[in-house]
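In what follows, a structure is listed as structure tokens, so that the remarks can point back to it.
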There are 2 protein chains.
Amino acid sequence: MVSEKMAGLGKVRSVIREIFEYSKVRGAEIGPENVFDFSIGNPNVPAPAAVNETIKELADCGNDYWLHGYTSAQGDMETRQAIAENLNARFGTNFHKDNFYITCGAAASLKICITALFNEGDEFITFTPFFPEYRVFVETAGAVLHAVESDPATFQIDFDKLAAAINPNTKGIIVNSPNNPSGVVIREEAVEKLAALLNEKALEYGHPIYLIADEPYRELVYDDSLTVPYLTKYYNNTLVCYSYSKSLSLPGERIGYILVPDEMEDFGDVYAAVCGAGRALGYVCAPSMMQHVIAKCTGMVSDLSIYKKNRDLLYNALTEYGFTCVYPDGAFYLFMKAMEEDAGAFCEKAKKHELLLVPADSFGTPGYVRIAYCVQTEMIEKALPAFRALAEEYR
Amino acid sequence: MVSEKMAGLGKVRSVIREIFEYSKVRGAEIGPENVFDFSIGNPNVPAPAAVNETIKELADCGNDYWLHGYTSAQGDMETRQAIAENLNARFGTNFHKDNFYITCGAAASLKICITALFNEGDEFITFTPFFPEYRVFVETAGAVLHAVESDPATFQIDFDKLAAAINPNTKGIIVNSPNNPSGVVIREEAVEKLAALLNEKALEYGHPIYLIADEPYRELVYDDSLTVPYLTKYYNNTLVCYSYSKSLSLPGERIGYILVPDEMEDFGDVYAAVCGAGRALGYVCAPSMMQHVIAKCTGMVSDLSIYKKNRDLLYNALTEYGFTCVYPDGAFYLFMKAMEEDAGAFCEKAKKHELLLVPADSFGTPGYVRIAYCVQTEMIEKALPAFRALAEEYR
């Protein structure tokens, strides 16, 4: 009698959560320090000290009506202003407060954008590997998701495959750079090519194709030479979905935003549809105190040097042991080829060495595993002999 | 090209928000102290001191991974346990942690429940007057909302009208007690009658009819003799949607829960569908720090004596002036008959006296206005001569 689709979504645990549960059970058996759990993307680096300091100051402000009261549905004005100023200073953009709609994190941002854009028959495109919840958000909105295979050598966009997939029903393209799970950043020339292709197709079909940029990992890049292009500067019809989950290590606080730039075709309609979708989905406003924290802390980042250290340690060791890994420009995942065709079977063998890895089948890339390195460096060091032993098993 | 429905929802400001905006403009003209704004249900009573104290303690806990990290999708285990224990102590129930799903407030709770239950062709019923967003949540889920007229003398359920409205497509009944905007509490005998009717109809149609209890005002009742029946004790297929917005004065923090009791038919499916709907709608988890605050503060209430004082002051004065008001058992609204048929025109005349009232047409009750008394008592005292003058205009 309930919605079978919803009951199904509630019953099937994600692969990641299954492994996480196993980790707890196994930890109880042999001691948690002996289980090498690389399954969860929960940042282990604390929030910048200013976050908790700001929280304490706010709690003492003596104005609960302001602190804990409703903000406007778009979000607190000062918060939106602060975000605009920070982005403008960093990216040379010209955003203002009315380009922003504050949300309960990136998942909410994505779901709201998809709901705002969707009309019957619409299709969305993303690229493998992709965060599996994209499929949930798109399909439960009533739309179709096409996952276009990336170039298997670089995990950059395969433009021939993309061009073949775009059709008159294509409403939007979801891009995620730095990518979860590959860590790959889409390079500037690829962004330019993507913008040109979408403009050409939009002209051909007589309607815009929206670029939905899922950017929770924007600040998590580790090589100074590399910049993550700011997509609104390359393509007008870009909606940016941002979250502070990773940059400020606040994944549980559910705080982020949607950015609709002025250059967006029919800006007023798109922004209104974002507001309407937020309303329809039950999001009254984003958590108020955390909005006020963001007004002070937007643009700060947690200590990312730990992730860089972890990345270098893990990437260098695993490639030395004979594993094939995609070089991760950013995020905090290492994307590794399983040493046999069936990544699930490979992960089971890894489990025998107490290594908990995530098979990437649900990311649209069978034969690969995801290794989340947002963990203690000591755990990685302790786990390396296990990785070496795993590699030797396949010699 | 965007969803017209969503753009429409985003463009049309609610009547309440229109008045709120006018209030700011008018306040700038004549001084905010001279505008008597009774439009918004934003609690003016601060949160209990323990809330901000707990926030500060948590900010100092030194464990950001726990404090700001993801909780499970159902919500933090200790938080759910604390809620269960508090309800059991107050209502003699036997809830346990797995009856709860923590949400981003009552709007999210309602939207998630409706989405969890909905199948093509389903209808929901509510009673006038009702919170206008019910229509948004139900209709954007694809369902139909029937608003059954309440008994105009008492604003209790009219069972003849309800019986006539229930049909084989009826999936659920949304009740809101204490009611926004009437303040009326559904009495125990009405709850018993409702349970009997729903059981009878469920038997006749061969499927359950769910009772969705929207309860953000549960603790806001002012007469000691009056108890708000706990609906799961009367009807098994009850989903309780709760929010701490009013009891703890935290409307902006978006924190509440859905309660699915063990007695629920197909408990496992219903609970799973709630989890699935939360996932599909982009709710990853409720804000983590606020969940930990609730673990300590559930069951506390803000100083409600101010609302009682305001209610008595306003009700006694307005009835004395000749207005017809529904006696508000609880919540913080006074529901008053307009002195002419067109409540909008009546509110325009009130505006001339700087009184900002909300016409209740969008609540399904033309001819009435809502007066939110979650305001400073001094403002009510200052506004009384204006109410008197308004009444005199209609002599």
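The values are calculated or read from the model by the stated rules, or taken from the named source; none is laboratory data. Just so you know, these numbers come straight off a predicted model, no measurement behind them. No Cβ is skipped: glycine too gets one built from the backbone with ideal geometry, and neighbour counts run over all protein chains shown. These accessible areas exclude ligands, DNA and RNA; they are computed on the full protein's heavy atoms, side chains included. Shrake-Rupley method; radii C 1.70, N 1.55, O 1.52, S 1.80 Å.
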Chain A: most fluctuating residue of A:GLU263, A:GLU29, A:GLU149 per GNM, C-alpha cutoff 10 Å
A:GLU29
Taking only Cα atoms of the range A:64-157, what ratio of Rg to Rh do you get with Rh as the Kirkwood inverse-distance radius?
1.08
Any chance you could check the Cα centroid distance between the range B:167-216 and the range A:201-265 for me, in angstrom?
45
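Per residue, how much space in cubic angstrom lies within the convex hull of the C-alpha atoms of the range B:255-308?
In the range B:255-308, the Cα convex hull volume per residue is 139 Å³.
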Within-12-Å neighbourhood charge of B:HIS207 [Cβ basis; K, R +1; D, E -1]
-2
Which value, to two decimals, describes the C-alpha radius of gyration of the range B:103-227 once divided by 2.2 N^0.38 Å?
1.03
C-alpha center-to-center spacing [the range A:123-140, the range A:293-359] in angstrom
22
Apply the Karplus parameterisation 6.51 cos²θ - 1.76 cosθ + 1.60, with θ equal to phi minus 60°, to every residue of the range A:155-170 and state each ³J(HN,Hα) to the nearest whole Hz, in sequence, with x for glycine and proline.
6, 8, 4, 8, 6, 5, 5, 5, 4, 5, 8, 5, 8, x, 8, 5
Among the DSSP beta bridges whose two residues both lie in the protein assembly as shown, what percent are antiparallel, rounded to the nearest 5?
45
For a quick check, take a GNM of chain B with Cα springs below 10 Å and name the residue from B:TYR65, B:TYR283, B:TYR234 with the largest mean-square fluctuation.
B:TYR65
Taking A:LYS349 as the anchor, which lysines have their alpha carbon closer than 26 Å to its alpha carbon, excluding any fewer than eight residues away along the same chain?
A:LYS24, A:LYS337, A:LYS382
Using a 10 Å cut-off on Cβ atoms, rank the peptides B:95-106, A:237-248, A:369-380, B:156-167 from the highest mean neighbour count down.
A:237-248, B:95-106, A:369-380, B:156-167
Please compute, over every Cα-Cα pair in chain A, the percentage with a separation greater than 32 angstrom.
36
Karplus couplings for the range B:319-329 from phi (6.51 cos²θ - 1.76 cosθ + 1.60, θ = phi - 60°), rounded to Hz, Gly and Pro as x?
5, 4, 6, x, 7, 9, 10, 6, 5, x, 5
Show me, for the range A:244-257, the HN-Hα J-couplings you get by feeding each phi into the Karplus relation (A = 6.51, B = -1.76, C = 1.60, θ = phi - 60°), rounded to Hz, glycine and proline as x.
8, 4, 9, 5, 10, 6, 10, x, x, 7, 6, 9, x, 7
Need the C-alpha centroid separation for the range A:148-163 versus the range A:7-75, integer Å.
33
Keeping all protein chains in place and using 1.4 angstrom, which order do B:LEU203, B:LEU304, A:LEU314 fall into by accessible surface area, from largest down?
B:LEU203, B:LEU304, A:LEU314
Label the range A:329-390 by shape, choosing from rounded, prolate and oblate, from the square roots a ≥ b ≥ c of the eigenvalues of the Cα gyration tensor; if a/c is under 1.5 it is rounded, and otherwise prolate applies when a/b is larger than b/c, oblate when it is not.
oblate
Would you compute, from DSSP H runs of 4+ residues alone, the mean residue ellipticity of chain B at 222 nm, taking -39500 (n - 2.57) per run and dividing by the full residue count, rounded to the nearest 500?
-13000 deg cm²/dmol
Helix axis angle, B:15-30 relative to chain B longest principal axis, alpha carbon, degrees
40
Sorted shortest first, the nm distances from the A:SER14 label point (7 Å along Cα→Cβ) to its counterparts in the other copies are 3.1
What nm distances, shortest first, do you get from the label point of B:GLU33 to those in the other copies when the point sits 7 angstrom along Cα to Cβ?
6.5
Non-local residues with an amide H under 5 Å from the amide H of A:LEU145, with H modelled 1.01 Å from N and Pro and chain starts lacking one, are A:PHE124
Please compute the average number of Cβ atoms from other chains found within 10 Å of each residue's Cβ in peptide A:37-46.
2
Once you sort the root eigenvalues of the Cα gyration tensor of the protein assembly as shown as a ≥ b ≥ c, which label holds: rounded (a/c under 1.5), prolate (a/b larger than b/c) or oblate (the other case)?
prolate
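Pull up the DSSP beta bridges for the range A:123-232 and report the antiparallel fraction as a percent, rounded to 5.
Numbers: 0 of 14 bridges.
Bridges in the range A:123-232 that DSSP calls antiparallel: roughly 0 percent.
If you add up the charges near B:ALA84, with Lys and Arg at +1 and Asp and Glu at -1, over every other residue whose beta carbon is less than 13 angstrom from its beta carbon, what do you get?
Net charge around B:ALA84: -2.
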GNM flexibility winner over chain B from B:THR126, B:THR115, B:THR93 (Cα, springs under 10 Å):
B:THR93
Taking a label point 7 Å out from Cα toward Cβ, give me the nm distances from A:ALA49 to the same spot in the other copies, shortest first, one decimal.
3.0
Using modelled amide H (1.01 Å from N, peptide plane; none on Pro or chain starts), what sits under 5 Å from the amide H of B:ASP329, excluding residues fewer than 5 places away?
B:VAL184, B:VAL185
Within a Cβ distance under 10 Å of B:LYS296, other residues only, what is the Lys/Arg minus Asp/Glu net charge?
-3
Counting only residues 5 or more places away or on other chains, whose amide H sits under 5 Å from the amide H of A:LEU239 once H atoms are built in the peptide plane?
A:LEU211, A:ILE212, A:ALA213
What's the average, rounded to a whole number, of partner chain beta-carbon atoms within 10 Å of each residue's beta-carbon in A:244-254?
6
Cα gyration tensor of the range A:63-115, axes a ≥ b ≥ c as square roots of the eigenvalues: rounded (a/c below 1.5), prolate (a/b > b/c) or oblate?
oblate
Over the range A:243-341, the quotient of the Cα radius of gyration and 2.2 N^0.38 Å is 1.55
Computed over the Cα atoms of the range B:211-269, what is the convex hull's projected area averaged over all directions, in nm²?
4.8
Please give the average number of partner chain Cβ atoms lying within 10 Å of the Cβ of each residue in B:263-276, rounded to a whole number.
5
Dipole magnitude of the range B:66-206, debye to nearest 20 (Cβ charges: Lys/Arg +1, Asp/Glu -1, about Cα centre):
300
Could you work out how far helix A:288-297 tilts from the main Cα principal axis of chain A, as a 0 to 90 degree angle to the nearest 10?
80
Can you pull the percent of chain A's accessible area that's carbon plus sulfur, 1.4 Å probe, other chains left in place?
51
Simple SL model, points at 7 angstrom along Cα→Cβ for A:THR377 and A:MET77; separation in nm is 4.6
